[in-house]
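The values are calculated or read from the model by the stated rules, or taken from the named source; none is laboratory data. Every value quoted in this text rests on a predicted model; they were computed, and no experiment measured them. So basically every Cβ, Gly included, is an ideal-geometry build from the backbone, and we count neighbours across all protein chains shown.
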Amino acid sequence: MVLALASLVLAAPASAKNWTELRIGVSGNYPPFTFVDEHDRFQGFEIDLALALCQRMGVKCEFVKEEWEDMIPSLVAHSIDAIFASMSITEDRKKQIAFSNRYYTTPTSLVARKALNLRDTSPAGMKGRVIGVQRDTLQADYLKEVYVSAGAVARIYTTQAEAQFELARGQIDAIMVDKLSVYDWLAQTQGECCAYAGEDLTDAHYIGEGVGVGLRKEDGDLLQMINRAIDQIIADGTYKKINDKYFPFSVY
(Lines give C-alpha, C1' and ligand atoms only; values in the text may rest on other atoms or scores of the structure.)
Protein backbone atom coordinates (compact mmCIF):
# COMPACT_ATOMS: atom_id res chain seq x y z
CA MET A 1 0.00 0.00 0.00
CA VAL A 2 2.82 2.39 0.89
CA LEU A 3 4.61 1.52 -2.35
CA ALA A 4 1.44 2.15 -4.34
CA LEU A 5 1.00 5.58 -2.77
CA ALA A 6 4.62 6.41 -3.41
CA SER A 7 4.19 5.48 -7.06
CA LEU A 8 1.24 7.84 -7.35
CA VAL A 9 3.23 10.68 -5.85
CA LEU A 10 6.16 10.05 -8.17
CA ALA A 11 3.84 9.90 -11.18
CA ALA A 12 2.32 13.30 -10.45
CA PRO A 13 3.65 16.14 -12.63
CA ALA A 14 6.26 18.29 -10.95
CA SER A 15 4.18 21.34 -11.86
CA ALA A 16 0.92 19.97 -10.42
CA LYS A 17 -1.12 22.69 -8.76
CA ASN A 18 -4.52 22.91 -7.17
CA TRP A 19 -6.12 25.21 -9.74
CA THR A 20 -9.04 27.06 -8.18
CA GLU A 21 -8.66 30.40 -9.99
CA LEU A 22 -7.44 31.36 -13.45
CA ARG A 23 -6.31 34.79 -14.61
CA ILE A 24 -7.14 34.79 -18.31
CA GLY A 25 -5.59 37.29 -20.72
CA VAL A 26 -8.03 38.70 -23.29
CA SER A 27 -7.83 41.57 -25.76
CA GLY A 28 -11.23 43.15 -25.17
CA ASN A 29 -11.17 44.82 -28.59
CA TYR A 30 -11.57 41.96 -31.06
CA PRO A 31 -15.31 41.51 -31.69
CA PRO A 32 -17.10 39.16 -31.89
CA PHE A 33 -14.46 37.17 -30.00
CA THR A 34 -13.86 39.62 -27.15
CA PHE A 35 -15.20 43.11 -26.57
CA VAL A 36 -16.29 45.37 -23.72
CA ASP A 37 -20.00 46.23 -23.53
CA GLU A 38 -21.67 49.47 -22.40
CA HIS A 39 -21.52 48.25 -18.79
CA ASP A 40 -17.74 47.79 -19.02
CA ARG A 41 -18.06 43.99 -18.98
CA PHE A 42 -16.21 41.56 -21.21
CA GLN A 43 -18.39 39.83 -23.79
CA GLY A 44 -17.88 37.68 -26.86
CA PHE A 45 -17.40 34.19 -28.22
CA GLU A 46 -14.12 33.59 -26.38
CA ILE A 47 -15.49 35.01 -23.12
CA ASP A 48 -18.50 32.67 -23.22
CA LEU A 49 -16.25 29.76 -24.16
CA ALA A 50 -13.77 30.49 -21.36
CA LEU A 51 -16.59 30.73 -18.81
CA ALA A 52 -17.98 27.39 -19.98
CA LEU A 53 -14.56 25.76 -19.67
CA CYS A 54 -13.96 27.25 -16.22
CA GLN A 55 -17.35 26.03 -15.05
CA ARG A 56 -16.57 22.55 -16.35
CA MET A 57 -13.18 22.58 -14.59
CA GLY A 58 -14.64 23.97 -11.37
CA VAL A 59 -12.38 27.03 -11.29
CA LYS A 60 -13.04 30.75 -10.98
CA CYS A 61 -12.22 32.88 -14.04
CA GLU A 62 -10.84 36.40 -13.88
CA PHE A 63 -10.39 38.21 -17.20
CA VAL A 64 -7.41 40.52 -17.60
CA LYS A 65 -7.18 42.95 -20.52
CA GLU A 66 -3.81 42.70 -22.22
CA GLU A 67 -2.35 44.35 -25.30
CA TRP A 68 -1.68 41.80 -28.03
CA GLU A 69 2.10 42.17 -27.91
CA ASP A 70 2.07 41.69 -24.11
CA MET A 71 0.12 38.41 -24.09
CA ILE A 72 3.01 35.94 -24.16
CA PRO A 73 5.36 38.03 -21.95
CA SER A 74 2.58 38.38 -19.34
CA LEU A 75 1.92 34.64 -19.43
CA VAL A 76 5.60 33.76 -19.02
CA ALA A 77 5.91 36.31 -16.19
CA HIS A 78 2.95 34.68 -14.36
CA SER A 79 0.86 37.86 -14.58
CA ILE A 80 -1.81 35.71 -16.25
CA ASP A 81 -2.34 31.95 -16.36
CA ALA A 82 -3.85 31.50 -19.82
CA ILE A 83 -4.34 33.35 -23.10
CA PHE A 84 -7.79 33.41 -24.68
CA ALA A 85 -7.12 35.86 -27.49
CA SER A 86 -7.59 34.19 -30.88
CA MET A 87 -3.94 33.15 -30.80
CA SER A 88 -3.15 30.74 -33.63
CA ILE A 89 -1.05 27.68 -32.90
CA THR A 90 2.24 28.01 -34.78
CA GLU A 91 5.63 26.36 -34.57
CA ASP A 92 7.31 29.63 -33.59
CA ARG A 93 4.90 30.23 -30.72
CA LYS A 94 5.19 26.62 -29.56
CA LYS A 95 8.87 27.32 -28.90
CA GLN A 96 7.78 29.81 -26.22
CA ILE A 97 4.52 28.46 -24.80
CA ALA A 98 2.20 25.44 -24.86
CA PHE A 99 -1.21 25.32 -26.50
CA SER A 100 -4.42 23.48 -25.78
CA ASN A 101 -6.21 21.60 -28.51
CA ARG A 102 -7.80 24.02 -30.95
CA TYR A 103 -11.10 25.62 -30.03
CA TYR A 104 -11.76 27.27 -33.39
CA THR A 105 -10.29 27.48 -36.86
CA THR A 106 -10.29 30.42 -39.23
CA PRO A 107 -8.47 31.27 -42.45
CA THR A 108 -6.83 34.58 -43.22
CA SER A 109 -8.57 36.79 -45.78
CA LEU A 110 -8.17 40.03 -47.64
CA VAL A 111 -10.96 42.57 -47.24
CA ALA A 112 -10.99 45.30 -49.86
CA ARG A 113 -13.02 48.33 -50.84
CA LYS A 114 -15.86 47.25 -53.13
CA ALA A 115 -15.23 50.20 -55.45
CA LEU A 116 -11.85 48.74 -56.44
CA ASN A 117 -13.52 45.62 -57.85
CA LEU A 118 -10.35 43.61 -57.33
CA ARG A 119 -10.19 40.54 -59.54
CA ASP A 120 -6.65 39.36 -58.88
CA THR A 121 -5.73 39.27 -55.19
CA SER A 122 -2.63 37.13 -55.63
CA PRO A 123 0.66 38.66 -54.45
CA ALA A 124 1.46 39.68 -58.03
CA GLY A 125 -2.05 41.05 -58.57
CA MET A 126 -1.79 43.25 -55.46
CA LYS A 127 1.46 44.88 -56.57
CA GLY A 128 1.34 48.59 -55.70
CA ARG A 129 -1.76 48.20 -53.52
CA VAL A 130 -1.68 49.45 -49.93
CA ILE A 131 -2.70 46.72 -47.49
CA GLY A 132 -3.28 47.38 -43.80
CA VAL A 133 -2.62 44.87 -41.04
CA GLN A 134 -2.36 44.73 -37.25
CA ARG A 135 1.21 44.58 -36.02
CA ASP A 136 2.72 41.48 -34.38
CA THR A 137 0.22 39.09 -35.98
CA LEU A 138 0.47 36.11 -38.30
CA GLN A 139 -1.18 38.24 -40.94
CA ALA A 140 1.55 40.88 -40.58
CA ASP A 141 4.24 38.25 -41.13
CA TYR A 142 2.40 36.77 -44.10
CA LEU A 143 1.82 40.18 -45.66
CA LYS A 144 5.47 41.16 -45.37
CA GLU A 145 6.96 37.88 -46.53
CA VAL A 146 4.55 37.04 -49.36
CA TYR A 147 2.81 40.21 -50.56
CA VAL A 148 5.33 42.98 -49.84
CA SER A 149 8.06 40.90 -51.46
CA ALA A 150 5.89 40.89 -54.60
CA GLY A 151 5.43 44.67 -54.59
CA ALA A 152 2.49 45.40 -52.29
CA VAL A 153 2.79 48.16 -49.69
CA ALA A 154 2.19 47.28 -46.03
CA ARG A 155 0.57 49.77 -43.65
CA ILE A 156 1.01 48.58 -40.05
CA TYR A 157 -1.51 49.46 -37.32
CA THR A 158 -1.53 49.00 -33.56
CA THR A 159 -5.01 47.46 -33.63
CA GLN A 160 -7.17 45.87 -36.29
CA ALA A 161 -9.92 48.38 -35.51
CA GLU A 162 -7.60 51.17 -36.69
CA ALA A 163 -6.93 49.31 -39.94
CA GLN A 164 -10.66 48.82 -40.52
CA PHE A 165 -11.30 52.52 -39.87
CA GLU A 166 -8.65 53.55 -42.39
CA LEU A 167 -10.03 51.11 -44.95
CA ALA A 168 -13.54 52.52 -44.53
CA ARG A 169 -12.12 56.05 -45.03
CA GLY A 170 -10.44 54.98 -48.25
CA GLN A 171 -6.92 55.60 -46.95
CA ILE A 172 -5.81 52.07 -47.87
CA ASP A 173 -6.96 49.55 -50.47
CA ALA A 174 -7.38 46.43 -48.37
CA ILE A 175 -6.68 44.82 -45.02
CA MET A 176 -5.38 41.34 -44.24
CA VAL A 177 -7.25 39.80 -41.32
CA ASP A 178 -8.49 36.72 -39.53
CA LYS A 179 -11.60 36.09 -41.64
CA LEU A 180 -14.06 35.65 -38.78
CA SER A 181 -12.91 38.78 -36.96
CA VAL A 182 -14.54 41.10 -39.52
CA TYR A 183 -17.71 39.08 -40.11
CA ASP A 184 -19.85 41.37 -37.91
CA TRP A 185 -18.14 44.56 -39.09
CA LEU A 186 -18.87 43.83 -42.75
CA ALA A 187 -22.56 43.42 -41.91
CA GLN A 188 -22.71 46.82 -40.20
CA THR A 189 -22.96 50.31 -41.67
CA GLN A 190 -19.28 51.13 -41.11
CA GLY A 191 -18.26 48.03 -43.05
CA GLU A 192 -20.64 48.36 -46.00
CA CYS A 193 -17.79 49.90 -48.02
CA CYS A 194 -15.96 46.66 -48.18
CA ALA A 195 -16.11 42.91 -48.80
CA TYR A 196 -13.99 39.79 -48.68
CA ALA A 197 -11.71 39.66 -51.71
CA GLY A 198 -10.19 36.60 -53.35
CA GLU A 199 -9.62 33.13 -51.96
CA ASP A 200 -9.00 32.34 -48.30
CA LEU A 201 -5.33 32.16 -47.31
CA THR A 202 -4.69 28.88 -45.51
CA ASP A 203 -0.94 28.21 -45.69
CA ALA A 204 -0.34 26.43 -42.35
CA HIS A 205 3.28 27.59 -42.30
CA TYR A 206 2.04 31.15 -41.81
CA ILE A 207 -1.56 30.83 -40.66
CA GLY A 208 -1.10 28.07 -38.09
CA GLU A 209 -3.04 24.99 -37.00
CA GLY A 210 -6.11 26.64 -35.54
CA VAL A 211 -6.62 28.73 -32.41
CA GLY A 212 -5.82 27.35 -28.95
CA VAL A 213 -5.50 28.46 -25.34
CA GLY A 214 -1.97 29.67 -24.64
CA LEU A 215 -0.37 28.22 -21.50
CA ARG A 216 2.99 28.01 -19.79
CA LYS A 217 4.91 24.88 -20.75
CA GLU A 218 5.33 23.87 -17.11
CA ASP A 219 1.57 23.86 -16.49
CA GLY A 220 0.93 20.45 -18.00
CA ASP A 221 -1.80 19.67 -15.49
CA LEU A 222 -3.75 22.77 -16.52
CA LEU A 223 -3.29 21.84 -20.18
CA GLN A 224 -4.86 18.43 -19.52
CA MET A 225 -7.76 20.03 -17.63
CA ILE A 226 -8.50 22.46 -20.44
CA ASN A 227 -8.26 19.83 -23.19
CA ARG A 228 -10.62 17.58 -21.25
CA ALA A 229 -13.07 20.46 -20.76
CA ILE A 230 -12.95 21.36 -24.48
CA ASP A 231 -13.81 17.75 -25.36
CA GLN A 232 -16.68 17.78 -22.85
CA ILE A 233 -18.35 20.98 -24.06
CA ILE A 234 -18.11 19.79 -27.66
CA ALA A 235 -19.64 16.43 -26.75
CA ASP A 236 -22.57 17.81 -24.73
CA GLY A 237 -23.56 20.57 -27.19
CA THR A 238 -22.40 23.55 -25.11
CA TYR A 239 -19.84 24.52 -27.73
CA LYS A 240 -22.48 24.50 -30.49
CA LYS A 241 -24.79 26.75 -28.45
CA ILE A 242 -22.00 29.29 -27.98
CA ASN A 243 -20.96 29.00 -31.63
CA ASP A 244 -24.53 29.57 -32.84
CA LYS A 245 -24.90 32.66 -30.65
CA TYR A 246 -22.20 34.44 -32.67
CA PHE A 247 -21.96 32.71 -36.06
CA PRO A 248 -24.44 31.14 -38.52
CA PHE A 249 -21.85 28.46 -39.36
CA SER A 250 -19.45 26.23 -37.43
CA VAL A 251 -16.10 27.79 -36.56
CA TYR A 252 -14.67 24.57 -35.16
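The set of residues from the range 234-247 being over 19 Å from the mean Cα position of the chain (by Cα) and buried (at least 18 other Cβ atoms within 10 Å of the Cβ) comprises just one member, THR238. Assess whether ASP136 counts as being of a type outside the set (Lys, Arg), in a loop (DSSP other than H, G, I, E, B) and at pLDDT below 95. Criteria met by ASP136.
Restricting to the range 232-252, count the residues that are free of Cβ contacts under 8 Å to residues at least 60 places away in the same chain and part of a helix (DSSP H, G or I). Steps first, please.
Restricting attention to the range 232-252, the residues satisfying the condition of being free of Cβ contacts under 8 Å to residues at least 60 places away in the same chain are 234-237, 240-241, 244, 248-250.
Now restrict to residues that are part of a helix (DSSP H, G or I): 234-235, 240-241, 244.
Selection size over the range 232-252: 5.
Residues of the range 83-122 being aliphatic (A, V, I, L, M) and over 19 Å from LEU223 (Cβ atoms), which ones? Selection gives LEU110, VAL111, ALA112, ALA115, LEU116, LEU118. Of the strands (runs of 3 or more DSSP E) lying entirely inside the range 145-224, those carrying at least 1 residues that are at pLDDT below 95 are 174-178, 194-201. Take the conditions (1) at pLDDT 95 or above; (2) touching an Asp or Glu at 6+ places or on another chain (Cβ under 7 Å); (3) among the charged types (D, E, K, R); GLU66 misses just one of them, which is (2). Among the residues of the range 179-198, some residue qualifies, meaning at least one is within 12 Å of GLN139 (Cα to Cα) and touching a residue at least 24 places away in the same chain (Cβ under 8 Å). A Cβ distance below 8 Å, combined with a sequence gap of six or more or placement on separate chains, defines the contacts here; from the range 133-155, residues that are farther than 22 Å from VAL211 by Cα reach residues that are of a type in the set (D, E, K, R) in the pairs ALA150/LYS127; GLY151/LYS127; ALA152/LYS127; ALA152/ARG129; VAL153/ARG129; ALA154/LYS144; ARG155/GLU166. Considering every residue within the range 65-78, establish whether at least one is touching a helix residue (DSSP H, G or I) at 6+ places or on another chain (Cβ under 7 Å), among the aliphatic types (A, V, I, L, M) and not in a helix (DSSP H, G or I). No, the range 65-78 contains no residue that is touching a helix residue (DSSP H, G or I) at 6+ places or on another chain (Cβ under 7 Å), among the aliphatic types (A, V, I, L, M) and not in a helix (DSSP H, G or I).
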